[in-house]
Amino acid sequence: MNIRTRALSAAIAPFADAALILSETNRFYYTGFAASDGALLVSPALTVFYTDSRYTEAAENKLGKEAVRDSGRLYEDLAAVFESNGIERVAIEADRVTLSQFVELQKKLPGVTLVSDEALTKEINAERAVKAPEEVGAIVEAQRIAERALDTVLGLIRPGMTEKEIALKLEYEMLSKGAEALSFETICVSGANSSLPHGVPGNKKVENGDFITMDFGAVVRGYHSDMTRTVALGRADGEMRRVYATVLEAQTAALAAMADGTTCFDADKAARDVIGNAGYGAYFGHGTGHGVGVEIHEKPNVSPRGADTLKTGNVVTAEPGIYLPGRFGVRIEDMALITASGCENLTKAPKELIIL
Ligand SMILES: [Mn+2]
């Protein structure tokens, strides 16, 4: 048992005797061991990691021989463990277990009550949202790789290159500089396409007078980074500069509002008010930010609908944008570590308008 499984087994006590974690992401979070197959049983008395022969040796090295069992006899073994440890209520991940898994669990484990409400999901999300120093370290390392990749690619962009080429160069640079994977499919949109917040890079060539928005990230030790920069190619007209300055002011306001105890609603509002007051409120449709960690999008959700309150140890993005349909868009995104007195910006790349 490690510090995370110990915390989880204590937290579930009011509603369950054990948690059965089936999702790959949460299994990784609680064990530090990445495997496409497996199940993790967490209870105060014991922690068992079930996996198949492809992973057995590596799992035993990581978690100890006594904690690893063969998933070939998962249900028989679970039933025996439940029986001998007096486990009657077993919590499962309501947001991740598939309907067929659920039906199978009910059929194969008739002796226990499956706790399938949101209780376990809420607890896991809350624990994952507060990062330990080594998690922040991995995120920062991933972020530095992304920044160095951007630095290189900004020197390569020329009129006539396609969005796809720029996206591929960012991905190549992140992977060459030590990313173990990409956080998500790189977004590179330009000109009128930049009004699509999550547009797919295509064969459009970048031209002088275009904004180019790049949204990308790297993965290090299972942890993701996320950043967005918008740069102009050749020139930027008055309205482009006005929109850029407004987004930067909104992003700065969101970061200034972020601190332990700030509601996600208020952090979002800080950015939204700046954009609304500048007359662009109708053109900022998405939330201001989201948590980042073993997944690219996790809790807390910094949006008008976000019910959470920011807590010391959260790592969240601040990424307001303005998107003028058919014309252009701007988004600027940093990641910040929430602290007691404010936040520490984990992103070091400059944010003043760059004209290439
Ligand atoms: Mn993001």
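The values are calculated or read from the model by the stated rules, or taken from the named source; none is laboratory data. The structure presented is a predicted model; accordingly, all values stated were derived computationally and were not measured. Counting neighbours? That spans all protein chains shown, and the Cβs are built from the backbone with ideal geometry, glycine included. The protein model used for the area step is the full one, side chains on, heavy atoms only, and it has no ligands, DNA or RNA in it. Shrake-Rupley method; radii C 1.70, N 1.55, O 1.52, S 1.80 Å.
At a glance:
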quantity: Condition met for Arg272 (assigned by TED's automatic domain parsing to the domain that holds Val219 and more than 12 Å from the ligand (Cβ to nearest atom)); calculated: yes
quantity: Strands (runs of 3 or more DSSP E) completely within region 287-356 that count 1 or more residues being crowded, with 24+ Cβ neighbours inside 10 Å and within 12 Å of the ligand (Cβ to nearest atom); calculated: 289-291, 298-302, 315-318, 321-324, 328-331, 334-338
quantity: Residue pairs meeting the criteria (Cβ under 7 Å; at least 6 apart or on separate chains; first among the acidic types (Asp, Glu), in region 55-68; second open to solvent by less than 50 Å² (accessible area, probe 1.4 Å)); calculated: Glu60/Val68
quantity: Pair list, Cβ < 6 Å and 6+ apart or interchain, from region 236-251 residues that are open to solvent by 40 Å² or more (accessible area, probe 1.4 Å) to residues that are β-branched (Val, Ile, Thr) and assigned to a helix (DSSP H, G or I); calculated: Glu249/Val274
quantity: Complete set of residues in region 12-32 that are open to solvent by less than 20 Å² (accessible area, probe 1.4 Å) and either in contact (Cβ under 8 Å) with a residue 24 or more places away in the chain or not in a helix (DSSP H, G or I) (or both); calculated: Ile12, Ala16, Ala18, Ala19, Leu20, Ile21, Ser23, Asn26, Tyr29, Tyr30, Thr31
quantity: Selection count where residues are surrounded by fewer than 19 Cβ atoms within 10 Å (Cβ to Cβ) and among the aliphatic types (A, V, I, L, M), scope region 183-220; calculated: 3
